[in-house]
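Bear in mind that the values in this text are calculations on the coordinates, not laboratory data. As the structure is a computational prediction, the values presented were derived from the model and not from experiment. Heads up, the Cβs are rebuilt from the backbone with ideal geometry, glycines too, and the neighbour counts pull from every protein chain shown.
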Amino acid sequence: MSLSLPDAITTYFSISNGADDTHLGDCFTQDACVFDEGGTHRGRTAIQAWLRATRAKIAYRVEPVSVSHQGNTMVVTATVTGNFPGSPVQLDHAFQLAESQIQSLEIH
C-alpha cells in the first residue's frame with residue numbers, strides 16, 4: 001500500500017529501515033522529542049543515538065499501512081517485522097509536525 005505522507009515522515013521511515021541517518025536533520029526539528037518504550041530522546045543527537053542503538057540491537061523493517069489524523073497529530077500505523085519476540089507487530093507512530101519537520105514522535 002502506498003500512503004501519502006509528508007516528506008519528513010517518509011524520510012524517518014526510510015532511516016528506520018536502514019537508510020543513511022545523517023539525513024536526520026531533514027526530518028526532525030533541532031529540539032524534537034521521541035517517546036519510545038518508556039524512554040524520551042530529546043534533540044537530533046539523542047534521536048540519532050537511539051535509532052543507531054535500536055538498529056544495532058534488533059534487525060527490523062517498518063512498513064506503514066495506514067494513516068489517520070487526530071487533531072494536529074498524524075498517526076501512522078506500521079507493521080514492524082524483525083528478530084524480536086512477537087514479530088510482527090503493529091505500532092502506532094503519532095507524529096506532530098512543526099512546519100515541515102517532526103517536532104514529536106510517540107511510538108506505541
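Can you give the local net charge around Thr79? Use residues other than it whose beta-carbon is closer than 13 angstrom to its beta-carbon, Lys and Arg +1, Asp and Glu -1.
Combined, the nearby Lys, Arg, Asp and Glu give -1.
Using r as the Cβ-Cβ distance of Gln70 and Asp26, and R0 as 22 Å, what FRET efficiency do you calculate, to the nearest 0.05? All intermediate terms of the calculation are to be shown ahead of the outcome.
Values: r = 25 Å, r/R0 = 1.13.
Here the calculated transfer efficiency is 0.30.
At 7 Å along the Cα-to-beta-carbon direction for both Leu5 and Glu106, put a label point, then send me their distance in nm to one decimal.
1.9
Per residue of the stretch 3-17, in order, report the coupling 6.51 cos²θ - 1.76 cosθ + 1.60 (Karplus, θ = phi - 60°) as ³J(HN,Hα) in whole Hz, putting x for Gly and Pro.
9, 8, 10, x, 3, 4, 6, 4, 5, 4, 5, 4, 5, 4, 8
Which loop-located GluC sites (Glu not before Pro) does the stretch 6-108 contain, where loop means any DSSP state but H, G, I, E or B and the Cβ has at most 14 other Cβ atoms within 10 Å? If you can, show how the numbers build up before the last one.
On the way: sites: Glu37, Glu99, Glu106; in loops: Glu37, Glu99.
Loop-located and lightly packed - Glu37, Glu99.
What percentage of all Cα-Cα pairs in the chain are separated by more than 19 Å?
Of all Cα-Cα distances in the chain, 39 percent exceed 19 Å.
Hey, in the GNM for the chain with a 10 angstrom Cα cutoff, which one of Thr77, Thr11, Thr45 fluctuates hardest?
Top of the fluctuation ranking is Thr45.
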